[in-house]
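The values are calculated or read from the model by the stated rules, or taken from the named source; none is laboratory data. Quantities reported herein were computed from a predicted structural model and do not represent experimental measurements. All Cβ positions, glycine included, derive from the backbone under ideal geometry; neighbour counts span all protein chains shown. Note: accessible area is taken over every heavy atom of the protein model, side chains too, but ligands, DNA and RNA are not part of it. Shrake-Rupley method; radii C 1.70, N 1.55, O 1.52, S 1.80 Å.
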Amino acid sequence: MPTEKMIMDQQIIRADFPILMKEIHDKPLVYLDNAATTLKPACVADRIAQHYLLEASNIHRGVHSLSEEATKDYEGAREKVRAFINAEETAEVIFTSGTTESINLVVNSYGQFFREGDEIIISEMEHHSNIVPWQMICEQTGAVLKVIPMNDQGELVYEEFEKLLTEKTKFFSIVYVSNALGTINPIKKMIDAAHQLDVPVLVDVAQAIAHTPIDVKDLDCEFMAFSGHKMFGPTGVGVLYGKKESLERLPPWKGGGDMILSVTFEKTIYNQLPARLEAGTPNIGGVIGLGEAIDYINKVGWQTIEKIEDELLVYGTEKLSAIDGLRIIGTAEKKAGVISFYMDDVHPHDIGTLVDQDGIAIRTGHHCAQPVMKYFSIPATARASFSIYNTKEDFDRLAETLNKIKEMFS
Ligand code: 7TS
């Protein structure tokens, strides 16, 4: 029996995404904004529709059949997430509304332990969602934010990280793949270094989760955050993974239904994990849809995903670099999924609007990573971010349009 999994034909993958049949301004859609959100395969939308049309019910509370069925599906999705990231137990998987809420949960909850003068390390290439919550807790507690700088390639300066790690460090929160640069950070090595000083680590894998297999046991991080909508799932649902002992240390952040065992006006006793950190009726349909998205990724397989995306990164980088006056922002040795660029004489927003006229969707702006823009002394970049359904022809179309734009502006 051959052990190698077959590489799936990209036409089969593309057929799973009905939106790719669409025309924008009378041109076939080229969707290169996957870092903002991925497209959704029909199976995910169908599964969500099935839940709302035929199975809708609240969970964890009814003894009637529909509620029991919805509970089974919801908890079944938790098991799918557990297996997907190789967590030890389902209790280590907390459903949230997305990466942003997952990070805020840890900050607001773990942050209660911070004292004046404690130090928290983040990096210069974080998404705002991994900057602002830490600044807020620093303001409240007197803790101090320390920032790992980066170099001109958009790589973190590892020696500076080592210098920042001291006895004062109480937490380290780091992005795996930068959404503005595409840089893949050496997080395993960084987690190991933090652990030498018993510093807990949160990894933001929002931009990694659909591009590379992630094994939390191997990484050994205390916490990890990601969003369903960047991995072919619905918006409004995400995950906070935490090692059981780390989650157990977290005081509940939100109070309400489902997170309690008993309530009296004298004393409330909290529920076990994971319910203790999931107050109120959750996004049941979204969680079930996320489970379906995980099944979809598993069906396509990492071998296919990595082959397609590795080739696209090389091809897209070559193609765009060949355009006169175009500068790629983020040239790290290890990159994934994202090609950010800047063109002399054309504002990124003009690029975005003009490529849209040719049916091409890219994102332009600061990508919620303003410190990255500041480092490169530019107001914004244009960003092509790709996924499993993108093709070399997509980059040919983008390059052709960019060449036209260049001529228009010169
Ligand atoms: N962390 C990273 C690395 C991200 O790229 C994003 C979203 C977030 C956190 C926040 O995720 P959310 O689902 O909670 O909003 N990044 C982008 C982007 O690059 N373009 O739009 C959203």
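Taking region 201-248 only, how many residues are more than 19 Å from Thr90 (Cβ to Cβ), among the β-branched types (Val, Ile, Thr) and touching a residue at least 60 places away in the same chain (Cβ under 8 Å)? Going through region 201-248 one residue at a time, the tally reaches 2.
Of the residues that make up region 143-152, is at least one farther than 24 Å from Lys374 by Cα and either more than 11 Å from the ligand (Cβ to nearest atom) or not assigned by TED's automatic domain parsing to the domain that holds Glu311 (or both)?
Scanning region 143-152 turns up at least one residue that is farther than 24 Å from Lys374 by Cα and either more than 11 Å from the ligand (Cβ to nearest atom) or not assigned by TED's automatic domain parsing to the domain that holds Glu311 (or both).
Can you confirm whether Val30 is under 30 Å from Phe161 (Cα atoms), more than 16 Å from the ligand (Cβ to nearest atom), open to solvent by less than 60 Å² (accessible area, probe 1.4 Å) and touching an Asp or Glu at 6+ places or on another chain (Cβ under 9 Å)? Against the criterion (under 30 Å from Phe161 (Cα atoms), more than 16 Å from the ligand (Cβ to nearest atom), open to solvent by less than 60 Å² (accessible area, probe 1.4 Å) and touching an Asp or Glu at 6+ places or on another chain (Cβ under 9 Å)), Val30 does not qualify. Can you name the residue in region 87-101 that is at negative phi and near the ligand (Cβ under 8 Å from one of its atoms) and is also least open to solvent (accessible area, probe 1.4 Å) among such residues? Among residues in region 87-101 that are at negative phi and near the ligand (Cβ under 8 Å from one of its atoms), the one least open to solvent (accessible area, probe 1.4 Å) is Thr99.
I need the full set of residues from region 67-80 which are under 21 Å from Asn271 (Cα atoms) and either touching a residue at least 40 places away in the same chain (Cβ under 8 Å) or open to solvent by 50 Å² or more (accessible area, probe 1.4 Å) (or both), in order please. Quick ask: steps written out before the conclusion?
First pass over region 67-80, keeping only residues under 21 Å from Asn271 (Cα atoms): 67-68, 70-79.
The answer is Glu68, Ala70, Lys72, Asp73, Tyr74, Glu75, Gly76, Ala77, Arg78, Glu79.
Residues in region 323-362 that are open to solvent by 70 Å² or more (accessible area, probe 1.4 Å) and closer than 19 Å to Val30 by Cα: His349, Thr353, Gln357.
Consider Ser57 against the criteria (1) assigned to a helix (DSSP H, G or I); (2) more than 16 Å from the ligand (Cβ to nearest atom); (3) within 20 Å of Gly257 (Cα to Cα): it satisfies all of them except one. Which criterion is unmet? Ser57 satisfies every listed condition except (1).
Across region 184-205, which residue is surrounded by the most Cβ atoms within 10 Å (Cβ to Cβ) among those that are within 24 Å of Val81 (Cα to Cα) and in contact with a Lys or Arg (Cβ under 9 Å, 6 or more places away or on another chain)? Within region 184-205, the match that is surrounded by the most Cβ atoms within 10 Å (Cβ to Cβ) is Asn185. Just one of the listed residues (Ser227, Ser340, Ser246) is outside the structural domain of Glu89 (by TED's automatic domain parsing) and of a type in the set (Ser, Thr, Tyr), and it is Ser340. Taking the criterion of being open to solvent by 30 Å² or more (accessible area, probe 1.4 Å) and of a type in the set (Val, Ile, Thr), the only residue of region 112-140 that qualifies is Val132.
Residues in region 248-292 that are open to solvent by less than 50 Å² (accessible area, probe 1.4 Å), touching a helix residue (DSSP H, G or I) at 6+ places or on another chain (Cβ under 9 Å) and among the acidic types (Asp, Glu): Asp258, Glu292. Got at least one residue in region 125-144 being outside any loop (DSSP other than H, G, I, E, B), out of contact with any Asp or Glu (no Cβ under 7 Å at 6 or more places or on another chain), touching a residue at least 60 places away in the same chain (Cβ under 8 Å) and closer than 29 Å to Phe84 by Cβ? Yes, region 125-144 has at least one match.
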